[in-house]
Every structure is written in structure tokens, then in C-alpha cells.
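J.: What follows is a structure written as C-alpha cells; I'll ask about it next.
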Amino acid sequence: MGRILAIDYGRKRSGVAVTDMLRIAANVLPTQRSCDLIGFLKDYTSRESVDVIVVGLPKTMRGEPSESMRYITPFVSALRKQFPDVRIEMYDERFTSSIAHREMIAGGMKKSDRQRKGVADGMAATIILTDYLNSRYCDSGSWK
């Protein structure tokens, strides 16, 4: 069983998180420049087995795709082309950035650390992955 990887895709930077081998916990990976993300993923998947890549799906409060989809859609198409054997899924990412900022404050992170580029992106990817995992795990303790 391979890992599940999640991406909080942005125009400049993208947060990346991955599960452990048992798919129990989400762990942050280094934030990547979005223009380098496909290369990073090729390198990562050459060393680690990845079965699923989850990309954050930005939606408006009404549940409609947000304006960001105009640059996320081409990225997802490129992912599917580069990784034909990996399942690519999109998962609702509403509120992940604000949750990430709130969690950093609750965790006592200094304002200067919270403002470092990429910290919130990685945390948002971890939240997307954790939510995705929780949505796939049944009450019986088996995966959907």
C-alpha cells in the first residue's frame, strides 16, 4: 500500500503533505515553488510509493468552484499526464488556510514565524490530507 500525498496548490507556492506508510498520519513536506512542483513530485515518487495524490479543490461559500480553478485545472491535467498510474483526486479545501493560521496562533507560533512564506501552505496541505483521510475511514475501521 502506497502513501497518499496532498497538495495545497497556489500560483507561487504549494504546500505538500504525505501520509506515513500505514496511512494513519499526515506529515508536512517542504513547501515547493509551484513551477517546480511536478519535478519535486517525480523525484519523490521515484523514492516512495504513492497511490493517491489529493489536490485541494477551492470552492466559494456557495460551493461553486472559485476563481483559482483557472490555474489549478491545468495543473491537475499535467499531474494526470505525468502520473498516469496514480489516482488523482480533488478534495474541498475551504477554510484550510484560515484553519492553518488559527492553529499556528493556538500553538503559540510567533507572528514572525507565521509570516514566513510557506509555513501556512504546508499546514494547509496537512489539513487537507487529514480531512481527506478522515472522510475515507469508516466507523468499522476500514477504508472506503
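J.: When segment 15-33 is examined, which residues are found to be over 14 Å from Tyr132 (Cβ atoms) and outside any strand (DSSP E or B)?
T.: Within segment 15-33, Asp20, Met21, Leu22 qualify.
J.: Something else about it: If you check Arg11 against the conditions, is it of a type in the set (Lys, Arg), touching a Leu at 6+ places or on another chain (Cβ under 9 Å) and assigned to a loop (DSSP other than H, G, I, E, B)?
T.: In short, no.
J.: Report yes if Leu22 is within 20 Å of Arg136 (Cβ to Cβ), surrounded by 15 or more Cβ atoms within 10 Å (Cβ to Cβ) and either under 15 Å from the mean Cα position of the chain (by Cα) or aliphatic (A, V, I, L, M) (or both), otherwise no.
T.: No; evaluated as a whole, the condition is false for this residue.
J.: Go through the residues of segment 35-56 one by one and say whether even a single one is aromatic (Phe, Trp, Tyr) and more than 22 Å from Asp92 (Cβ to Cβ).
T.: Scanning segment 35-56 turns up at least one residue that is aromatic (Phe, Trp, Tyr) and more than 22 Å from Asp92 (Cβ to Cβ).
J.: Further, regarding this structure: What residue, among those in segment 34-73 that are part of a loop (DSSP other than H, G, I, E, B) and open to solvent by less than 40 Å² (accessible area, probe 1.4 Å), is nearest to Asp8 (Cα to Cα)?
T.: By that ranking, first place goes to Pro58.
J.: Would you confirm, using the coordinates I've provided, whether Ser77 is open to solvent by 60 Å² or more (accessible area, probe 1.4 Å), at negative phi, in contact with a Gly (Cβ under 6 Å, 6 or more places away or on another chain) and modelled with pLDDT of 60 or more?
T.: Spelling it out, it is not the case that Ser77 is open to solvent by 60 Å² or more (accessible area, probe 1.4 Å), at negative phi, in contact with a Gly (Cβ under 6 Å, 6 or more places away or on another chain) and modelled with pLDDT of 60 or more.
The values are calculated or read from the model by the stated rules, or taken from the named source; none is laboratory data. Everything numeric in this text was worked out from a predicted model, so none of it was measured. Please note: Cβ atoms are built from the backbone with ideal geometry, for glycine as well, and neighbour counts cover all protein chains shown. Side chains are part of the model used for accessible areas, which takes the heavy atoms of the whole protein and leaves out ligands, DNA and RNA. Shrake-Rupley method; radii C 1.70, N 1.55, O 1.52, S 1.80 Å.
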